[in-house]
Every structure is written in C-alpha cells, then in structure tokens.
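Presented below is the structure to which this report refers.
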C-alpha cells in the first residue's frame, strides 16, 4: 500500500483520468481536473442508460427516463415559459423525482437552478423569490399553497406536481408535460463551465438568508474530488476496491436543497450509475426496511440521523449487510458514534467530511481506519483545495495552532447573489473565510473546534441567530431577544432564546407567533424569560456568551 500523498500524486499525474492542471477563472488561479466534463448537461447526457436510477415508494425511473422527462420539461421551459440562458428557475418541493428532473432540465439549458428550502414559511419563500427573480417556479402541492400566501412574491409561470386538489388557474401540471410525446433531445441552449448553475440559500449570522451561486465547474470539481478520494482510498487500503458485480445504491435521507443531498446524493450518482432510494421524510424504521429491500450500499446523514440508524439497527432484525459506507456531514459526530458504526454494521465503514454550501460540500474528508484512528477529525484536504488557518491578527498560524479556516480552490462558489457587502466580508482575495475555527495536526488532519459566525447548527441545518432574533422582536411585547445554541445529544445543538418582555409572554404564544414567520426547525426549543434588560458587554452588545453559558448550566441541572 502507498501513502495518501503518493496515491494522489499517481492518480493526478499527466495522462491519468484525474490529471490536475491549472486554470484561471473569475480572476482566481486554481487546480482543476483536465479531463472533467465541461457542464452538468454533459454528465447527465453521458449517463443515459436503462439502469435503474430513482426509486421513490413504488415509482422507479431509469437514467434514460429521467433524461427524457428532463428534455420534455426543458422544452416547455424554453418554448412556453420563455426561460433563457442565465435565467433563474426556482424549485421548491420535497425529495420527489420531479425535483431531480426539474434540476436536470434547468441546468441543461443554461438556466440557474435555485433550490429553495422546502421547510420555509411563506415569508421566507417570498424573500427568496424576490431576491432571485425566477422566470419559472416549480413546486409540489404543499409549496404551491405556501406560494399563494406570498402576497408580494413575483408573478411567474408556476409548474406543479403532486397536487391533491384543483391546482387553480394558470398552474401547469408536470404530469401533463410528461404525458406529451417523448423527447430525447435537449433544447440547443447550453452553458459554459464557468456559468452559474445553482443558487442555494444559506443562513447567515444576521438577517435574511444569502443565495450562494456556484458554477458548473465548481460543482463538477467537487464531484470528481470525491471520486479521486475514493480511488486514493483503494490505493491506500482504507476502502476495498469495487467489484464489477457491485450494484451501488444510495439512500437519500437528507433534503435536496442542501449540498449533502444534492451533491453527495443526487449528482454523484450519475457517473457511478447508482440507484438513489428516496425518502419523503426521515423515518428510521422505514430506512431499515428500504436498506434491506433495496440492498442499499451507501448511507449519508447528519449525526442525528446516523445516530438514529445505529440505535435502531441494534434492536432490529432487518438485514443491513449490504451497507458499505455510513457517511456523515453537517456537523461533527461524537467519537463514540464513529466506533458504534464500525461495530454495528458488518460490512460498512464510517466516513465524514467538512464542507459548506459555499465550497460545494467538499473541503476535508475522512473514512475507514483513518476515521477510527482520528474520530474527532473532519479529515484531510481535497486535492483541488488549499487551506490556511489565520489568527486574530490576520497572520497565518502554524500547524497545531487554532485559527480561522480559510479555503481557496476550484469548488469555491462565485459569490452571494445581490450581496456585494457579504462578498467583501467573505473573501480575502482568493481566500474564502469560513467562519470556523480549526487547526491542522502534523499529519494533515483537520479539527473543527469552534465557530466565529453567530450560527446554530441543528441537525446539520444552519440557523442564523440574527434572523430568529429579528422575528422575536416583531412580537409587540418583546423588548430584547438573544438567540444561541445549546448542546443536544441527538442534534448536536438546539435553538434557545433569552427574552426580555414588557409583560409576561408564555412559550406557546411565542412559538405560535414565530411559526408564521420562520421555518419550524429555527423556532427555539428552549425559552428563558428575563424580568430585566439583558446583560451587555462594555461595547453595548448583548452578552450572548454569558446567556448561553447560563442556559447550558440550567439544562445540565434539569437533566440530573
């Protein structure tokens, strides 16, 4: 066996499939894959086959069927909705097959697929639609009802699927488009490698979510980076070599509007010709049933989800021997869960990584024995990225010392839509500031230890504290509000808030008030009501660190 450094050197050498070269785009110099497909459309078209692709309940679609339906929808978008190169097409729905078809259609004609968070309430949905100004909106029945509550949203062509009642005037049903004669050719409009392909909204520390725009090259660099890491894992002996008889199948248990579901689940399946077994929502008993029935080989989820899986598998008689990988992301696993995955599943290895929407999900990764030996680490850097760690004085710190993790390279996003202010704060020349505090050990393993940004990461979902505080302050009786994260064994963190109000306000009233304004996952689980103005630092800011410490201590006492 060889070292990882030597394996990467062999695999990326001139003439090899993963050959790396240098290119300049958007004024950035990066290592890129010399043999990468130019665009996502090239990946989709090259994948056409009669192999099974999407499995959802009793529905099954082959790669060819997904391509055909994407061609039908793309033709409608161009000829009937007037979508042109560079236009946005918004998608808001559960993990239905139609989500994936819509994504393929939009990105194949050079449009930008805008993946809206399906958990958003009407106000959040309305903000994003105004922000991205789509030429078409593709929704499921539930999201159609929310769109109708968006009183100030732009009036755009609406295409819907899985509508239980009358869709109403002006709404085109996807099933009607798919019932037309089959089309196997995409409209001629396409994209260039450095054209934007997606916009994903990510919660910031303050205010409304920001739309992170990434190009075809950004995304494909991430997809090939994972393929390269897998090949390197085989050469180093960390993972077994695939067999020609393997029938890869991955369970999609996380939303497609996040990079974990979109990139590692959906998009990575095309070149691997992998079946994608989709779930409507997370249900651990249903997951075990599907793993057995569909012979699922790969599973990726947040620590809360994989923790559920380990615990339920211990009590279940379901056969999980098909699993080869139990991957993770969104937040760090407890070291015990890493060991439990290895012990519980006969043939599966644990894996995880650190990445962001802005990095297209890659950054550092770790799997197999490396992960068992370094369970607190998020892994080593992707071959197409450079990392540095910067101290408070703006200087790079040496290995072993903590600093802000900053990243540059081929997968780093273009920038935030309509937010030059946020771009100026996020980029330092070619380097992107992640807001995470980390360090690298002597062997290149990275450890994420803290956050600079004011975020709560609940089950892999980034929640901007400022947005929740702003919603609380809309309540007429709330004078001050401070939102923060507190430890939670299952989800990593839970949302908590300390509130100062003029008159008593109970928790139920606040939750009802917030339910109409922010997504359910962002509503605080814990409230503490103060009878006095909240404590402040010498600079006049609310003393969040102290309030968080007090809340954590209260929860620890109540658990005793």
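Below are the figures for this structure:
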{"item": "Net lengthening on full extension, residue 245/residue 48 (0.36 nm per residue, minus Cα-Cα)", "result": "68.9 nm"}
{"item": "Label-to-label distance, nm, for residues given as residue 285 and residue 1 (7 Å Cα→Cβ offset)", "result": "4.0"}
{"item": "For region 504-560: rounded, prolate or oblate by the Cα gyration tensor [a/c cutoff 1.5]", "result": "oblate"}
{"item": "Cβ-Cβ FRET estimate between residue 543 and residue 188, R0 fixed at 60 Å, reported to 0.05", "result": "0.50"}
{"item": "Percent antiparallel among DSSP beta bridges (both partners in the chain, rounded to 5)", "result": "60"}
{"item": "Residues residue 119 and residue 477, FRET efficiency given R0 of 25 Å [Cβ-Cβ distance, rounded to 0.05]", "result": "0.40"}
{"item": "Spread of Cα-to-Cα distances over 10 Å intervals beginning at zero, given as percent, for the chain", "result": "3, 17, 28, 28, 17, 5, 1, 0"}
{"item": "Cα gyration tensor shape of region 455-559, rounded if a/c is under 1.5, else prolate or oblate by comparing a/b with b/c", "result": "rounded"}
{"item": "Distance (nanometres) between label positions extended 7 Å along Cα→Cβ at residue 401 and residue 369", "result": "3.4"}
{"item": "Region 138-225: proportion of alpha-carbon pairs further apart than 22 angstrom, %", "result": "54"}
{"item": "For region 455-559: relative contact order, % (alpha-carbon pairs under 8 angstrom, 6 or more apart)", "result": "25"}
{"item": "Average projected area [Cα convex hull, region 93-149], square nanometres", "result": "3.7"}
{"item": "Gap separating the Cα centres of region 450-473 and region 140-187, nearest whole Å", "result": "32"}
{"item": "Rg/Rg_ref, region 1-109, where Rg_ref = 2.2 N^0.38 Å and atoms are Cα", "result": "1.41"}
{"item": "Per residue Cα convex hull volume in Å³ - calculated over region 1-59", "result": "195"}
{"item": "FRET efficiency estimate (nearest 0.05) - Cβ-Cβ, residue 26 to residue 428, R0 22 angstrom", "result": "0.90"}
{"item": "Where only alpha carbons of region 237-281 are counted, the Rg and the Dmax (Å)", "result": "11.9, 36"}
{"item": "Shape category assigned to region 54-132 from the gyration tensor of Cα positions, a/c cut at 1.5", "result": "oblate"}
{"item": "Relative contact order (percent, whole number), the chain, Cα cutoff 8 Å, 6+ residue spacing", "result": "12"}
{"item": "Principal semi-axes in Å for region 40-191 [√(5λ), Cα gyration tensor, largest first]", "result": "24, 17, 14"}
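All of the numbers you see were taken from the coordinates with simple rules; none came from a lab. No experiment lies behind these values; they were computed from the predicted model shown. Note that each Cβ is placed from the backbone with ideal geometry, even for glycine, and that neighbours are counted across all protein chains shown.
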